[in-house]
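Trainee: This is the structure, below, for whatever I ask next.
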Amino acid sequence: MSRIGKKPIFIPDDVEIKIINNEISIKGNLGILKEKVSKEIKLRLSENKLFILRSEETKKVKSLHGLYRVLIKNMIIGVTMGFKKELELVGIGYKASYNNDILDLNLGFSHSIMMQLPKEIIVNINIEKGKNPIIILKSCNKQLLGIIAAKIRSLRIPEPYKGKGVRYLGEEVRRKAGKSA
């Protein structure tokens, strides 16, 4: 058995789980998340534990076993505590603003970039004088949060010579030496 997949998932008291036709619905204080589970994977709920079982021993089913356990565990963490990603805008004149689900970014291009964000994403922008602007993204859906953060970062990937661009907070950018005189 998969080392990850065979571990039971402990369910907190404030989380409600429903399993209907291989679709799991998890409701917590931060929202509701749903996931369709493959037919080869069976879910068994007993007391405050959720067990993920597989129907056969093929390579495909073995790989799905651990995957669904991690996805369901992330869903439980998401509806109880939530997830957060922080992006830092490094560069002169780089700015960000957010209103009405539209993120407006000035990243050194001749035009500003406007991005429509889903309703599930909560955005805060910290702007302090003398420091780089920081975009804080919060959501209960880890998968969606990662996709949106990666899409924002891809608009201006940090370059290796001056380090300018959009980066995750705390990310180390390997710097190259410029031209020698």
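The values are calculated or read from the model by the stated rules, or taken from the named source; none is laboratory data. Quick caveat: nothing in here was measured; it's all calculated off a predicted structure. Positions of Cβ are backbone-derived with ideal geometry, glycine not excepted, and every protein chain shown enters the neighbour counts. Quick note on the areas: whole protein, heavy atoms, side chains included, nothing else; ligands and nucleic acids left out. Shrake-Rupley method; radii C 1.70, N 1.55, O 1.52, S 1.80 Å.
Trainee: Taking Gly170, is it open to solvent by 50 Å² or more (accessible area, probe 1.4 Å), at positive phi and out of contact with any helix residue (DSSP H, G or I) (no Cβ under 7 Å at 6 or more places or on another chain)?
Mentor: yes
Trainee: Next question, about the same structure. Criterion first (touching a residue at least 12 places away in the same chain (Cβ under 8 Å) and of a type outside the set (D, E, K, R)) does Ile157 satisfy it?
Mentor: Working: touching a residue at least 12 places away in the same chain (Cβ under 8 Å): no; of a type outside the set (D, E, K, R): yes.
Considered against the rule, which asks whether it is touching a residue at least 12 places away in the same chain (Cβ under 8 Å) and of a type outside the set (D, E, K, R), Ile157 comes out as no.
Trainee: What are the residues in segment 32-72 that are in a strand (DSSP E or B) and touching a Gly at 6+ places or on another chain (Cβ under 8 Å), if any?
Mentor: Scanning segment 32-72 gives Leu33, Ile52, Arg54.
Trainee: Among the residues of segment 74-101, which ones are buried (at least 19 other Cβ atoms within 10 Å of the Cβ), among the small types (Gly, Ala, Ser) and closer than 30 Å to Glu35 by Cα?
Mentor: Listed by number, the list holds a single entry, Gly78.
Trainee: Let me ask something else about it. Does segment 126-146 include one or more residues that are of a type in the set (A, V, I, L, M), more than 30 Å from Lys73 (Cβ to Cβ) and touching a strand residue (DSSP E or B) at 6+ places or on another chain (Cβ under 9 Å)? Quick ask: steps written out before the conclusion?
Mentor: Our first condition is that a residue be of a type in the set (A, V, I, L, M); within segment 126-146, this holds for 127, 134-137, 144-145.
This time we only want the ones that are more than 30 Å from Lys73 (Cβ to Cβ), so: 127.
Imposing the further condition that a residue be touching a strand residue (DSSP E or B) at 6+ places or on another chain (Cβ under 9 Å) reduces the set to 127.
Within segment 126-146 (the criterion being of a type in the set (A, V, I, L, M), more than 30 Å from Lys73 (Cβ to Cβ) and touching a strand residue (DSSP E or B) at 6+ places or on another chain (Cβ under 9 Å)), the answer is yes, since at least one residue qualifies.
Trainee: Same structure, new question: Assess whether Val90 counts as being β-branched (Val, Ile, Thr) and more than 15 Å from Pro158 (Cα to Cα).
Mentor: No: the conditions fail for Val90.
Trainee: In addition: Please return the ranges of strands (runs of 3 or more DSSP E) entirely within segment 111-181 where 1 or more residues are basic (Lys, Arg). Give the steps one after another, and end with the answer.
Mentor: Details: elements: 113-116, 122-126, 134-139, 165-168.
Answer list for segment 111-181: 134-139, 165-168.
Trainee: Tally the residues that are basic (Lys, Arg) and surrounded by 12 or more Cβ atoms within 10 Å (Cβ to Cβ), restricting the search to segment 102-148. Please lay out each step first, then the result.
Mentor: In the first step, residues of segment 102-148 are kept if they are basic (Lys, Arg); the result is 119, 129, 131, 138, 142.
In the following step, the residues that additionally are surrounded by 12 or more Cβ atoms within 10 Å (Cβ to Cβ) were identified as 138, 142.
Of the residues in that region, 2 qualify.
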